Amino acid sequence: MSETPQQRVAAAIERVPYARFLGIRAELKGDELTLVMPFSQHLVGNPLLPALHGGVVGALLEVTALTQLAIASKSERFPKTVDIGIDYLRSGKPVDTFARAKVVGTQGWDGGLRRCRPPKLMPEGASGRSRPRNPHACTGIVTPATRSATGLRSFTTPTRS
Amino acid sequence: MSDKPTSYASSDDPLQRVRAMIQFTPQAKALGMEVTRIEPARVWGLVPYREELIGDPETGVIAGGVITTFLDTLCGTAAVAAMEHPTTVATIDLRIDYMRPATPQKSVLAEAHCYKLGKSVAFVRAVAYDETPDNPIAHVAAAFMVNSNNGRKVGANLRTKKS
């Protein structure tokens, strides 16, 4: 049975050392990608509450955005991040956490320029401070697992192949 | 060292205090993050290069997420370093601009400056580099909630239902 390009990308992310460090696993249903980050003690940033480290939540979102963008652009190579902005809605609970990404605007690699819009995935009440100023590509994500743990927009541009 | 996280404000030496804070943060410890220098409202730190942290196996460049976590922690530390009476902080938002990839095999260094400490919000800027700050890897602007644990009990996140 031959692998689809989507499956290859999803498998590729699991081979990235840093994704393994976080324990990230990819689940692919059609074109829809969900990254799963099972809870582990080393992901904790606040041992009192306890809560996931904000940087780890940001890292999960970034990895998801990069993978989704690679799938959308039908590229075997991962894009490079130009900038990323994360708005924290609440602390991440010490449970398995999921992330999804949506490509909302692209330029150059699949035709013309489209305006970047804040993604529909953003939960109600998420910060309205949208920063769609990079015209190259933009991706929006939430982690719906623990009901909108975090929302963000990230803007990335794929590498030229 | 005591295992009680509440003791992080107990030391009189600011560098000792923030180092203890890092030790109480499992993810910062897992990254191998160190704080090297501290001044009021300013901190310097580093993450040593490790193969485990690679984000691009082809080039050996460290993952963006490492820089996110490192700078988030360092910025939080800078906010605490600006306080007369240290308390807990939580990130409200964090924005990172990448200028170039980190050099493989080199530690990522960074300095963070809390340029405004308000009553409830602290604003922090940081720059990551591997040689000098003049050739930055990334710039960060972040906002932190001050006294974020206020009113929340230990283990608050372990409860299943909000009361």
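Can A:Ile24 be described as at pLDDT below 85, out of contact with any Gly (no Cβ under 6 Å at 6 or more places or on another chain) and β-branched (Val, Ile, Thr)? When the stated conditions are applied, A:Ile24 does not pass them.
In the set B:Leu94, B:Leu109, B:Leu31, B:Leu53, only one residue is more than 9 Å from chain A (Cβ to nearest Cβ) and either farther than 28 Å from A:Glu14 by Cα or not aromatic (Phe, Trp, Tyr) (or both); that residue is B:Leu109. Residue check: B:Thr87 meets all listed conditions (1) over 21 Å from B:Glu34 (Cβ atoms); (2) more than 15 Å from the chain's Cα centre (by Cα) but one, namely (2). Restricted to strands (runs of 3 or more DSSP E) entirely inside region B:65-152, those with at least 1 residues that are small (Gly, Ala, Ser) and without any contact (Cβ under 8 Å) to a residue 60 or more places away in the chain are B:89-98, B:121-129, B:136-146.
Counting only residues that are part of a loop (DSSP other than H, G, I, E, B) and either β-branched (Val, Ile, Thr) or buried (at least 20 other Cβ atoms within 10 Å of the Cβ) (or both), region A:91-105 holds 5 of them.
So is B:Val154 aliphatic (A, V, I, L, M), touching a Leu at 6+ places or on another chain (Cβ under 6 Å) and within 12 Å of chain A (Cβ to nearest Cβ) or not?
Judged against the criteria, B:Val154 is a match.
Residues of region A:3-26 that are away from every other protein chain (no Cβ under 11 Å) and without any contact (Cβ under 8 Å) to a residue 12 or more places away in the chain: A:Glu3, A:Thr4.
Does A:Leu33 satisfy the condition of being within 12 Å of chain B (Cβ to nearest Cβ) and of a type outside the set (Lys, Arg)? First the steps, then the outcome.
Values: within 12 Å of chain B (Cβ to nearest Cβ): no; of a type outside the set (Lys, Arg): yes.
Considered against the rule, which asks whether it is within 12 Å of chain B (Cβ to nearest Cβ) and of a type outside the set (Lys, Arg), A:Leu33 comes out as no.
If only residues of region A:50-90 that are more than 21 Å from A:Phe21 (Cα to Cα) and in a loop (DSSP other than H, G, I, E, B) are counted, the one that is farthest from the other protein chains (Cβ to nearest Cβ) is A:Lys74. Residue check: B:Thr59 meets all listed conditions (1) part of a loop (DSSP other than H, G, I, E, B); (2) in contact with a Lys or Arg (Cβ under 9 Å, 6 or more places away or on another chain) but one, namely (2). Residue count for region B:18-40, restricted to those that are touching a His at 6+ places or on another chain (Cβ under 6 Å) and either touching a residue at least 24 places away in the same chain (Cβ under 8 Å) or part of a strand (DSSP E or B) (or both): 1. For region B:25-68, which residues satisfy the criterion of being charged (D, E, K, R) and closer than 25 Å to A:Ala51 by Cβ? Result: B:Lys29, B:Glu34, B:Arg50, B:Glu52. Any residue at all in region B:72-82 that is of a type in the set (Asp, Glu) and farther than 18 Å from A:Ile13 by Cα? Yes: one or more hits.
Quick grid of which residues meet (1) of a type in the set (A, V, I, L, M); (2) touching a strand residue (DSSP E or B) at 6+ places or on another chain (Cβ under 6 Å); (3) crowded, with 19+ Cβ neighbours inside 10 Å:
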site: B:Leu53; (1), (2), (3): yes, yes, yes
site: B:Leu94; (1), (2), (3): yes, yes, yes
site: B:Tyr98; (1), (2), (3): no, yes, yes
site: B:Lys106; (1), (2), (3): no, no, no
site: B:Ala122; (1), (2), (3): yes, yes, yes
site: B:Ala128; (1), (2), (3): yes, yes, yes
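Report yes if A:Phe39 is under 16 Å from A:Lys93 (Cβ atoms), of a type in the set (A, V, I, L, M, F, W, C) and modelled with pLDDT of 85 or more, otherwise no. So A:Phe39 fits the description; yes.
The values are calculated or read from the model by the stated rules, or taken from the named source; none is laboratory data. Just so you know, these numbers come straight off a predicted model, no measurement behind them. Backbone-built Cβ (ideal geometry, glycine too); neighbour counts: all protein chains shown.
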